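Here's the structure, in structure tokens; my notes come after.
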Amino acid sequence: MCTSEVYILPIKEMRKIIVHHYAFTMAFMRRMEYHLHRSEKLLEKTTCSSAAQRVRQVLDYLNEDYAQTHGTVKKVPFKIFLKDLAVLSATTSETAGSVIKAMKEEKKVLYNNKIISFI
């Protein structure tokens, strides 16, 4: 789906960096705290709402974290199948499809060739 790089750092080297570089350690901890907080909020929202709300919340999450601005719209730069959206929101493909359809009618999203765009 996307290009990624993996860096392997031996634990001894990581310990040296943590002990001797306070700024790095604090930046690393803040970053981990941010991701933990985001994951906690997403879990909190998706476990306490209806199926349609969960789909909308996952779409909001995709918009906030991945969408890139192209003119007047924001596009998620990778394909998202309805089945994948359903899995992410713990719903059925039919529910995900009906939410996408409703949001298209509300002129909030476009869904063409598995690409989601936010208007």
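Considering each of THR46, THR3 in turn, give the residue that is at pLDDT below 90 and within 15 Å of ALA90 (Cβ to Cβ). Working first, answer last.
Numbers: THR3 fails: within 15 Å of ALA90 (Cβ to Cβ).
Testing whether each residue is at pLDDT below 90 and within 15 Å of ALA90 (Cβ to Cβ) leaves just THR46.
In summary, GLU33 fulfils each of the numbered conditions (1) assigned by TED's automatic domain parsing to the domain that holds ASN112; (2) at pLDDT 90 or above with the single exception of condition (1).
How do the helices (runs of 4 or more DSSP H) wholly within the range 1-112 filter down when requiring 3 or more residues that are surrounded by 13 or more Cβ atoms within 10 Å (Cβ to Cβ) and either touching a residue at least 24 places away in the same chain (Cβ under 8 Å) or of a type in the set (Lys, Arg) (or both): which remain?
Values: elements: 11-20, 22-47, 51-65, 82-89, 93-105.
Fully inside the range 1-112 and qualifying: 22-47, 51-65, 82-89, 93-105.
In the range 61-78 there is no residue that is aliphatic (A, V, I, L, M) and over 17 Å from ASN112 (Cβ atoms).
From the list ARG30, ARG56, which one is within 30 Å of ARG15 (Cβ to Cβ) and either in contact with a helix residue (DSSP H, G or I) (Cβ under 8 Å, 6 or more places away or on another chain) or of a type in the set (D, E, K, R) (or both)? So that I can check it myself, show each step before the final result.
Values: ARG56 fails: within 30 Å of ARG15 (Cβ to Cβ).
Answer to the check: ARG30.
The values are calculated or read from the model by the stated rules, or taken from the named source; none is laboratory data. Predicted model only: the values in this text are computed from it and were never measured. Cβ atoms come from the backbone with ideal geometry, glycine included; neighbour counts cover every protein chain shown.
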